[in-house]
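Please read the structure below before turning to the comments.
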Amino acid sequence: MATESDQQAADGRARVNVGDVARLAGVSTATVSRVLNHPEAVRADKREAVRQACDALGYVMNGAARALSLNRTFTIGAVVPTIETQTFSRSLNAFQRRLHTAGYTLLLASSDFDPAVEMEEVTKLLGHGVDALMIVGRTHDPKMWERIDQQRVPCIQILAIDPQRPSIGYDNVAIGHLIADHLMQLDHADIGVIVGTPPTNDRVTDRIRGIRKRLASGGFKLPAERIVDDAFTLNEARQAALKMLSATTGRPTAIVCGNDQLAFGVLLAASAKGLKVPDDLSVVGFNNYDFAAHLAPPLTTVSVDLAQLGEQAADYLLRCLDNLPHPATSPRIETALIVRSSTGPAPVSATGKRRQRTARSTAA
C-alpha cells in the first residue's frame, strides 16, 4: 500500500511529506505532527518555523489520514437562519477566528428560518462527521436533538438562554421590557412592532412578551393588529410601516423593530409619509449595526456584543472537545440600550388623549 511519502502528485512529482517539512523547519517529525494536530502544545517559535516550512513547500496535510488517526475531523458545523444580517455575520466571524486559531475549519449552512431546512442541514453536517455544532435559538425539531445526542456531538445554542441545553445568549424578555420602559418613560403607550417571527424565532417572541408585560404594568395593551410578524427585509419593513402609519385612527406613536435593518425601513416609510422622527414617531431597532449611529436621525437600539457571543460559543465547544471543564451555568452576553435621536416624547395630542382615557378609567 502506498504511503504518504511515496505517493505521487498528479504532475508526477513526489508529494511533499512530513519529513520534508521537518527537515526544512529544523525540527523532528513528531514536532511537525504536534504543530499540525495540537498547535497549542508547541512553542511559538517552533510553530512558526513549521508554518513557514509548510508554506514554502506547499505542504497539504492528508485530512482523511489525520481524521482516522485522531478520531476527529477538525471541522465544526454551524447552522444559522441567514447570513444576510450582521446579527449572524458578526458572531460567525468571531466564531470562525477562534476555531481557526485552534486548528479547526468551520462548515456553515443557512436554514432561511425554516426548521425543516435546519433539520436537514444539521443531519448533513453530522453525516460529514463534524466534531461539534453551533445552532441558533432554543426552539428546534426534537428529532434533531435525538440525532445530535446519538452522535454524541457537543452542541451550543446561541442568542437565547435554554435551561435544558448548553446555550449562550441573553434574556430577551428582559430586553423587551427595557425597550418598552424607555418608550413609556417618554409617554408612549400606542406602540407598534415590526419583526420577522417564524415558529423557531423564540428570540423575537420573547421580546414581544417583554414589551407586553411592561405595557400591561401601566394599564396598556399591545393588540395583535399592531404586530407585523412577517417582515424580514428592509423593504418588507418599509411596506409594513407604510400600512401601519396610514391608519386613519389609532396610529402608533412608536415602532419597535426586530433589528436595525427593519428600523431603517421604518425610517424610510416615515419620511415617505411626511412624518418627523422623533417628533411624530419614535423608532427603536436592535443589535446596533454599524450604520445605526449614522442614520438620519441616529437610531436608538439595543447593543449586543455579537463578537463576544461568537468567541464564547467557540470556546465552549473547544473545551468540550479537549475534555476541559466549562462553566456550570450558561454565560450571559452583554447588552445595553443605546438611546439616540430616533426616540423622543410622544406627540402632545396622543399624550392628552391617553391621559383622558386614564382619568376616565380611574374615575370608573
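The values are calculated or read from the model by the stated rules, or taken from the named source; none is laboratory data. Because the structure is predicted, anything quoted here is derived from the model rather than measured. Heads up, the Cβs are rebuilt from the backbone with ideal geometry, glycines too, and the neighbour counts pull from every protein chain shown.
Can you name every residue in segment 257-287 that is in contact (Cβ under 8 Å) with a residue 24 or more places away in the chain and of a type in the set (G, A, S)? So that I can check it myself, show each step before the final result.
Just the residues of segment 257-287 that are in contact (Cβ under 8 Å) with a residue 24 or more places away in the chain, to begin with: 257-270, 272-273, 275, 277-287.
Scanning segment 257-287 gives G258, A263, G265, A269, A270, A272, S282, G285.
Inspect segment 82-92 for any residue being among the β-branched types (V, I, T), touching a residue at least 12 places away in the same chain (Cβ under 8 Å) and in a helix (DSSP H, G or I) and give the result as yes or no.
Initial filter on segment 82-92 (among the β-branched types (V, I, T)): 82-83, 85, 87.
Going one step further and asking which of them are touching a residue at least 12 places away in the same chain (Cβ under 8 Å), we end up with 82-83, 85, 87.
The next check asks that each one be in a helix (DSSP H, G or I); those that pass are 87.
Taking every residue of segment 82-92 in turn, at least one turns out to be among the β-branched types (V, I, T), touching a residue at least 12 places away in the same chain (Cβ under 8 Å) and in a helix (DSSP H, G or I).
Only residues that are basic (K, R) and surrounded by fewer than 20 Cβ atoms within 10 Å (Cβ to Cβ): list them for segment 118-143, please.
Going through segment 118-143, the residues basic (K, R) turn out to be 124, 138, 143.
Correct list: K124, K143.
Yes/no matrix, rows are residues, columns are (1) crowded, with 24+ Cβ neighbours inside 10 Å; (2) of a type in the set (F, W, Y); (3) at pLDDT 95 or above:
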{"position": "P223", "(1), (2), (3)": "no, no, no"}
{"position": "A237", "(1), (2), (3)": "yes, no, yes"}
{"position": "A247", "(1), (2), (3)": "no, no, no"}
{"position": "R251", "(1), (2), (3)": "no, no, no"}
{"position": "A254", "(1), (2), (3)": "yes, no, yes"}
{"position": "D260", "(1), (2), (3)": "yes, no, yes"}
{"position": "F264", "(1), (2), (3)": "no, yes, yes"}
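Which condition from (1) outside any helix (DSSP H, G or I); (2) surrounded by fewer than 20 Cβ atoms within 10 Å (Cβ to Cβ) is the one that Q157 breaks?
Result: Q157 fails condition (2) only.
So, in segment 101-116, exactly how many residues are modelled with pLDDT of 90 or more, buried (at least 18 other Cβ atoms within 10 Å of the Cβ) and not aliphatic (A, V, I, L, M)?
Residues in segment 101-116 being modelled with pLDDT of 90 or more, buried (at least 18 other Cβ atoms within 10 Å of the Cβ) and not aliphatic (A, V, I, L, M): 2 in total.
Could you check segment 190-204 and list, in sequence order, the residues that are part of a loop (DSSP other than H, G, I, E, B) and either of a type in the set (D, E, K, R) or surrounded by fewer than 24 Cβ atoms within 10 Å (Cβ to Cβ) (or both)? Break it down into steps so the answer makes sense when it comes.
In the first step, residues of segment 190-204 are kept if they are part of a loop (DSSP other than H, G, I, E, B); the result is 190, 195, 197-201.
Selection gives D190, T197, P198, P199, T200, N201.
Run A67 past the list (1) of a type in the set (G, A, S); (2) assigned to a helix (DSSP H, G or I); (3) at pLDDT 95 or above and report the number of the one that doesn't hold.
(3)
Can you work out which of the residues in segment 169-189 that are without any contact (Cβ under 8 Å) to a residue 60 or more places away in the chain and either more than 26 Å from the chain's Cα centre (by Cα) or outside any helix (DSSP H, G or I) (or both) is farthest from A240 (Cα to Cα)?
Looking at residues that are without any contact (Cβ under 8 Å) to a residue 60 or more places away in the chain and either more than 26 Å from the chain's Cα centre (by Cα) or outside any helix (DSSP H, G or I) (or both), I get Q185.
Do we find that T85 is modelled with pLDDT of 75 or more, among the polar types (S, T, N, Q) and surrounded by 19 or more Cβ atoms within 10 Å (Cβ to Cβ) in this structure?
Numbers: modelled with pLDDT of 75 or more: yes; among the polar types (S, T, N, Q): yes; surrounded by 19 or more Cβ atoms within 10 Å (Cβ to Cβ): yes.
In short, yes.
If I ask for residues that are aliphatic (A, V, I, L, M) and modelled with pLDDT of 95 or more, which ones from segment 337-364 would you list? Walk me through it before giving the result.
First, pick out the residues of segment 337-364 that are aliphatic (A, V, I, L, M): 337-339, 346, 348, 350, 359, 363-364.
Residues satisfying the conditions are L337, I338, V339, A346.
Among the candidates T200, T123, single out the residue that is outside the structural domain of L318 (by TED's automatic domain parsing), over 30 Å from S246 (Cα atoms) and either at pLDDT below 95 or among the β-branched types (V, I, T) (or both).
Sole residue among the options that is outside the structural domain of L318 (by TED's automatic domain parsing), over 30 Å from S246 (Cα atoms) and either at pLDDT below 95 or among the β-branched types (V, I, T) (or both): T200.
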